[in-house]
Each structure stands twice: as C-alpha cells, then as structure tokens.
Amino acid sequence: MREAVFSPVAVARTPYSDRKDCPKQATENAADAEIVVDPAFARAAADLAPGMEVWLLTWLDRADTSCQAVHPRGDPKNPLTGVFATRSPDRPTPIGMHRCRILGVDLASEAPRLTVSGLEVLDETPVLDIKPVTRGDERPVTSLEEEIVRVGRLGWEKGLFSGREGNISALLPDGGLLVTASGVCKGRLAPGQICRVDSTGTARPGERPTSELPAHLAIYREQPQARAIVHTHPPHLLALEQRLPETRELLDLTLYESAVVRECFTTVPALPPGGAKLGEVVGRTARNKRALLLRRHGLICWAESLEEALCLSEEVENLARIRLLRGDSET
C-alpha cells in the first residue's frame with residue numbers, strides 16, 4: 001500500500017498527562033479542552049463559531065501501533081477483540097475521531113484557539129483535521145425530542161428556566177432516556193442538544209448530558225410511573241424557600257388548589273447539585289411525592305408525560321407566588 005504522510009493543523013490542550021487519568025470516552029466526564037490552531041491555518045479556522053458541532057480527527061501519538069487485539073476498556077474479563085471492532089487508541093493507525101461542540105473561539109491571537117466540550121485525549125495530542133457535523137451525520141429527530149424542545153420553550157416563557165439552568169428528560173421504551181445536554185438554554189433548544197443515554201447513564205460518543213443526570217436516573221429507577229421529568233428553578237418558589245424557616249410549611253394557603261398540590265409536594269435537604277447522594281435522596285423521595293423542592297437549588301417534578309410534569313411545575317410556582325403576595329407577619 002502507498003504510504004500516507006499527515007501534518008497536524010492544531011494541538012489539543014487537556015488536563016490529562018497520563019493515560020490512566022484520561023477518560024476512555026468523552027461521556028465519562030471528560031474535561032473541556034483547548035484546541036490551538038497552527039497560525040498557518042488561521043484562515044481555515046476563521047468561520048468557526050461557538051455552538052457549532054465539529055469532528056476532531058486526532059493522531060493518538062502515544063498509542064501502541066503494534067497492537068491488533070485488546071480486551072475492551074482494558075478489562076481482562078472482556079474477550080480479546082480485534083482493534084478494528086473497538087474504540088481502543090492502541091491500533092496500527094491510531095486516528096481518533098471525536099464529536100465536540102465549540103464553546104468559545106479566540107481568533108484575535110496569533111494562533112486561533114477553540115474551547116471545545118469534553119475531549120478524551122492526552123495533553124499535546126496532535127489534531128489532524130476539524131470538520132463540521134453535517135445534517136447527514138444527524139439521526140432523525142423524534143417526536144419525543146420535539147416535545148422536549150417545546151416544553152423547554154414553554155417553561156422558559158413562563159420564567160421557570162433562566163439562562164442555562166434546569167434540565168428535562170423523558171423515558172424511552174428500551175429503558176434509556178432522552179435528556180437535555182449540559183449547559184444549554186432550555187428556551188432555545190435544538191434537537192442536537194438532546195442526548196440519548198442508556199439505563200446506566202452512558203451517553204453516545206460526543207454527547208454530554210446534564211450533570212443532574214444521577215437524579216433523573218434515580219427517579220426512573222425508584223418510581224415506575226415516572227415517564228418524564230422537568231427540573232426548573234422557579235423564582236417565586238426559591239424566594240419563598242429563602243424567606244421562610246425550614247420548619248414552616250411553604251404552601252400553607254387555604255385555597256383548594258393548595259391542598260391538592262401539597263399532597264404531592266415535599267422538600268429535600270440541601271445537597272450538592274449533580275452528586276450521587278442527591279440522586280439517591282431524590283429517587284427515594286420520588287416514591288411517594290411528585291414535586292420535590294431541592295433546598296437552595298430548584299424544583300423537580302415527575303409525571304407520566306412532559307406536559308403533566310411542566311403543568312405541575314407551573315402550579316407549584318403559582319402557589320408560591322400567591323404565598324409571597326399574601327405575606328406573613330411571622331416570617
């Protein structure tokens with residue numbers, strides 16, 4: 001065969017200097033990375049912009065090029081498999097293929113710099129090429145994804161989401177789920193910002209689901225009636241939570257609607273967002289309650305549909321607003 005010679009167009013800057021510390025997949029909490037483009041290719045990078053999804057082709061220069069078979073993920077319990085049927089970096093021609101989202105662009109410096117979402121390569125890994133993700137690379141948009149987009153927009157219009165706060169998910173027939181990606185605006189969601197994860201929380205390559213995924217997984221695991229989850233940051237509810245002592249009933253109104261909502265509403269102690277402990281407590285609490293106020297954080301509502309979960313979120317927020325308007329001399 002003819003020999004091929006490659007010249008890198010950029011280099012990746014990551015926090016990983018040792019293979020044992022580098023995630024095997026971007027979905028395994030890989031850190032964001034900086035791509036420093038060779039100044040000779042500044043014009044080629046001039047039209048890249050934040051929000052674009054790109055394929056990065058890398059040269060995994062510290063791979064074992066003599067390797068033809070591996071135990072996947074380095075686990076001897078997995079059967080020895082030819083490298084062309086794995087994603088192992090060890091292979092005769094170690095080219096890496098990574099789907100990333102551009103988070104920031106600096107074209108003012110001599111060497112253009114891109115900040116990209118999680119990249120699972122060692123520091124100083126050469127980048128051979130940068131290509132945009134095209135329509136042909138995308139999977140078909142499902143009606144459930146369209147419903148997540150719609151609910152995100154409606155929640156944002158109601159003030160339940162602000163900026164990049166909150167997240168939304170829906171259960172799939174196979175036990176996996178669709179969930180919003182990390183750091184995206186819920187009022188302007190696009191189908192490409194919705195991730196698909198399996199029942200263990202593993203996402204597809206290049207996708208980076210919300211950091212609140214453990215809480216979603218725990219609710220679906222502990223509450224078999226849950227088919228959809230909406231996690232919002234309702235301003236009146238959070239203001240009320242900050243104003244009243246934790247021993248006070250937040251929704252102690254004499255309205256009939258208040259009595260109905262209180263039956264399915266409860267609070268969860270303040271715990272660090274995104275952690276396993278929060279997920280465990282939320283899942284256990286969701287066995288008996290559908291609307292959970294996470295102290296100093298936000299509101300999680302589960303239901304049999306996205307529409308129902310959003311409606312419950314609105315009802316809780318509306319009652320909190322009324323409670324604030326009523327005032328209380330004992331606060």
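Could you let me know the centre-to-centre spacing of the range 253-331 and the range 1-69, using Cα atoms, in angstrom?
The range 253-331 and the range 1-69 have Cα centres spaced 44 Å from each other.
Averaged across orientations, what area in nm² does the convex hull of the alpha carbons in the chain project? Could the numbers behind the result be given before it?
Working: hull surface 83.0 nm².
One quarter of the hull surface, i.e. the mean projection, equals 20.8 nm².
What is the sum of charges around ALA218, taking Lys and Arg as +1, Asp and Glu as -1, for the other residues whose C-beta is under 13 Å from the C-beta of ALA218?
+1
How large is the dipole of the range 154-197 about the Cα centre if only Lys and Arg carry +1 and Asp and Glu carry -1, each at its Cβ, rounded to the nearest 20 debye?
It comes to approximately 120 debye.
Between GLU307 and LYS131, what length comes free when the chain is fully extended (0.36 nm per residue of separation minus the Cα-Cα distance, one decimal in nm)?
59.6 nm
Counting only residues 5 or more places away or on other chains, whose amide H sits under 5 Å from the amide H of MET97 once H atoms are built in the peptide plane?
Here THR58 satisfy the definition.
Which lysines, on any chain, are close to LYS77 with Cα under 24 Å apart, when same-chain ones fewer than 8 places away are left out?
Result set, ordered by chain and number: LYS20, LYS24.
If the cut-off is a Cα-Cα distance under 22 Å, which lysines reach LYS289, setting aside same-chain residues fewer than 8 apart in sequence?
Leaving aside lysines fewer than 8 places away in the same chain, those within reach of LYS289 are LYS277.
Starting from the Cα of ARG284, step 7 Å toward the Cβ, then list every residue of the range 211-235 with an amide N under 19 Å from that point.
So the set is 214-224.
Length gain on complete extension for the stretch GLU165 to ASN29, per 0.36 nm per residue less the alpha carbon to alpha carbon distance?
Once the chain is fully extended between GLU165 and ASN29, it gains 47.1 nm.
Among the lysines, select those whose C-alpha is under 21 Å from the C-alpha of LYS186, and discard any that sit fewer than 8 residues away in the same chain.
In chain and number order, the partners are LYS158.
Could you pull out every whole DSSP H run in the chain that spans at least 18 Å of Cα extent along its own axis and averages 1.0 or higher on the Kyte-Doolittle scale?
In the chain, no H run is both long and hydrophobic enough.
Fewest to most neighbouring Cβ within 10 Å: what's the order for VAL54, VAL179?
Fewest to most other Cβ atoms nearby, the residues stand as VAL54, VAL179.
For the range 222-331, run through the trypsin sites (Lys or Arg not before Pro) and keep only the ones in DSSP coil with at most 16 other Cβ atoms within 10 Å of their Cβ. Numbers along the way, then the final one.
Values: sites: ARG227, ARG243, ARG248, ARG262, LYS277, ARG284, ARG287, LYS289, ARG290, ARG295, ARG296, ARG321, ARG323, ARG326; in loops: ARG227, ARG248, ARG287, LYS289, ARG290, ARG295, ARG296.
Within the range 222-331, the qualifying trypsin sites (Lys or Arg not before Pro) (loop, at most 16 other Cβ atoms within 10 Å) are ARG248, ARG287, ARG295, ARG296.
Multiplying the sequence separation of ALA259 and GLN68 by 0.36 nm and subtracting their Cα-Cα distance, what value in nm do you get?
The span from ALA259 to GLN68 would gain 62.2 nm if fully extended.
If you average the sequence gap of Cα pairs under 8 Å that are 6 or more apart and divide by the length of the chain, what percent do you get for the contact order?
Here the relative contact order equals 16 percent.
A short reminder: the numbers here are calculations on the coordinates, not readings from a lab. Please read all numbers here as calculations on a predicted model, not as lab measurements. Here Cβ is always computed from backbone atoms with ideal geometry, including for glycine, and neighbour counts include all displayed protein chains.
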